[in-house]
Amino acid sequence: MSLLNYRALAAAVSRYGCLAVLAGTLAACESTIDPDPSSSSSSSSSSSSSTSSSSSSSSSSSSSSSSSTSSTSSSSSSSSSSSSGVPQGDNLAVNGDAESGIANWAGRGAVAQRTEDEKYAGTASVAVTGRTASWQGATYSLRLTPGNSYDVSVWVKLAEDAPTATVKITGKLVDDADDTTYNEYTEIASGTVTSSEWTQLSGTYVPAGQFEAFIFETPDEFETVSFYLDNLEIYGEVEPVEPGPDPELGDGLAKAAEFPIGVAVALDNSRNANLLTNTDVQAIVLNNFSQLSAENNMKMSYYNETTFANVEAEQMISWASQNNIGVHGHALVWHPDYQLPSWARTPDENFRERFEAHVRGVARKHRGQLESWDVVNEALSDGGEPYRNSVFYSQYEGIDYIINAFRWAREEDPEVDLYYNDYNTEANGPKTEALVTLITELLNNDVPINGVGFQMHVLPDWPSLADIRASWAAILELDPNLKIKITELDVRTNNAYSDPPLVNESCESSCLEQQKQRYKSIIAAYLEDVPPARRGGITVWGVADNHSWYSNYEENGLQLVDWPLLWNSSLQTKPAYDGFLEALQEGL
Ligand code: XIL
């Protein structure tokens, strides 16, 4: 909903140069903008704030129109936000009032939900609950222009019977490279809030760099009160921008399947693909997928080593649940050094204790939130040895770490499906044999395993379809309850290993057509070979080609570019998308 509003907003901004969005309707704003003179000269670290409270009854609908009238009319007055407490200029907030949904909102380590139990105006507000630390709260994401001045206002009320608390609005920029400082955070406003009446917090903010989100939290240590937010309004000068083409959403992959159709999503801004802030990515996900995997942010190093806090993962899970999308956890245990916690990079005598604490702590944290977990990822070696000599393998002197991880995960989360996940195991070669040996060993030891994940980062012609099918069959035969999940599907167009290597400078008609047939044949084979009750789902490893870890990569000594996914870099669906969809539709 807000996505469409956002496109409409961008289009209108480009047409009119300025705009007001009030109560969910779009209207061209008056041609003279009256920016707050004090705020336009303020820097990102300076902010002004004020608070006021409303005695209006939260449930009466007349309060809604009077409060919104009051902000509208004050916004055309010439006094500054700092002195009047009411923001100035064009209202950029879309859905800040939670009336038609809360897609721009997300929980920050807490739960943010639309509720009709309380409202400052209209029929709904955002309830922020389940907080266990003062930094936890809610966020609101949208695009702001660095250097422009924005007036921010929100109405806040504490949960019934809560003691008085201070609530704070912070502007957050995208993380910089320096993780020893907190220059990304700027306080915009804070004030005392009660449970008996709605209080307005407002202030001015000038983002000094790429903006990420507004944060609503309580600054006092150990403060964990639940609160309501309503009528968030953000006013400011908008630079006319040409919106790009609308993303092509397609006809909906997940609708054509009775098992999870997943996608890996970024939760940082590295390839301009951040699900939490990129509304085009959100629109595509909402229209096509029924499950999310975090491409990186649920790996071991992303969790706080003692509290297991993980803000981005929590935001993703909360967004997914608000939108009725499942989550596949990736991955409780994975070896690469650069995504390991510090205790695993330099192991000492506490290694096993820390390992157990991580597996249990993370599984417990997400108990009931996930459909499935990759419990152990990539424990098999690529060479002759069956097992990878990872830090886990060497510290446990064998595969007890795998057995234990599955048992601990099951103890902490009784319902979630537990998978072993690996790559190149679909090639029906020695690694597939090693996989069969490992899974047999786990089954013989009554290890609680529900399925096997095949990553399937495949080449145009390798592995052959026959080998892929034989590899799945070898697992299907082991136990009638084991599921098969394609966990990280992407289809490269290059083959760095062929002789001579197949290296593409671009991928046009015939290349795109071949890729389509490859996708289609893999999906069709899955539907033919894996019985419905044993389908764990199919996940693609990213949305658009320019988001892919294979968009630019080195393989077999060659520096390559590739286009392995279902949407191109302009977010238009590719023939590969049609092939995926056709196979699903033909299989129904
Ligand atoms: C990759 C991500 O796509 C990259 O962004 C990151 O730099 C490295 O990890 N197998 C897995 C995934 O299980 O976690 C990997 O994801 C790809 C290979």
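Scalar couplings 3J(HN,Hα) for the range 282-295, obtained by applying the Karplus form with A = 6.51, B = -1.76, C = 1.60 to θ = phi - 60°, are 4, 4, 5, 4, 4, 7, 10, 10, 10, 8, 10, 10, 6, 4 Hz; x denotes Gly and Pro. Here the convex hull built on the C-alpha positions of the range 402-508 has a volume of 123 cubic angstrom per residue. The relative contact order of the range 407-530 comes to 25 percent, based on Cα pairs under 8 Å that sit 6 or more residues apart. Extension gain, N183-E508: 0.36 nm per intervening residue step, less the Cα-Cα distance, totals 112.6 nm. Principal axis analysis of the Cα atoms in the range 174-328 yields extents of 50, 46, 39 Å, listed in decreasing size.
Under a 5 Å amide H cut-off, with hydrogens placed 1.01 Å from N, T487 pairs with F454, Q455, T539 among residues at least 5 apart or on other chains. Of the listed residues D446, D280, the order by accessible area with a 1.4 Å probe, largest first, is D446, D280. In sequence order, the range 581-588 has phi-based couplings of 5, 4, 4, 4, 5, 5, x, 6 Hz under the Karplus curve 6.51 cos²θ - 1.76 cosθ + 1.60, θ = phi - 60°, and Gly or Pro positions carry x. What a 1.4 Å probe finds exposed on the range 334-395 is 41% carbon and sulfur by accessible area, rounded to a whole percent. Rolling a 1.4 Å probe over the protein heavy atoms leaves W563 with an accessible area of roughly 50 Å². Peptides 460-466, 130-136 ranked from most to least packed by the mean count of surrounding Cβ atoms within 10 Å: 130-136, 460-466.
For the range 426-544, the solvent-accessible area works out to 39 Å² per residue, with a probe of 1.4 Å and every protein chain left in place.
Taking the square roots of five times each eigenvalue of the Cα gyration tensor of the range 322-464, the equivalent ellipsoid has semi-axes of 23, 20, 15 Å, listed largest first.
Protein-only accessible surface at a 1.4 angstrom probe places the residues S509, S293 in the order S509, S293, largest first.
At 0.692 mPa s and 37 °C, plugging the Kirkwood radius over alpha-carbon pairs of the range 458-522 into Stokes-Einstein gives what diffusion coefficient in µm²/s? It comes out at roughly 242 µm²/s. Computed over the Cα atoms of the range 442-555, the ratio of the radius of gyration to the Kirkwood radius (Rg/Rh) comes to 1.02.
The values are calculated or read from the model by the stated rules, or taken from the named source; none is laboratory data. Keep in mind that this is a model prediction, so the values were computed, not measured. Cβ: placed from backbone, ideal geometry, glycine included. Neighbour counts: every protein chain shown. These area figures cover heavy atoms from the full protein model, side chains too; ligands, DNA and RNA do not enter into them. Shrake-Rupley method; radii C 1.70, N 1.55, O 1.52, S 1.80 Å.
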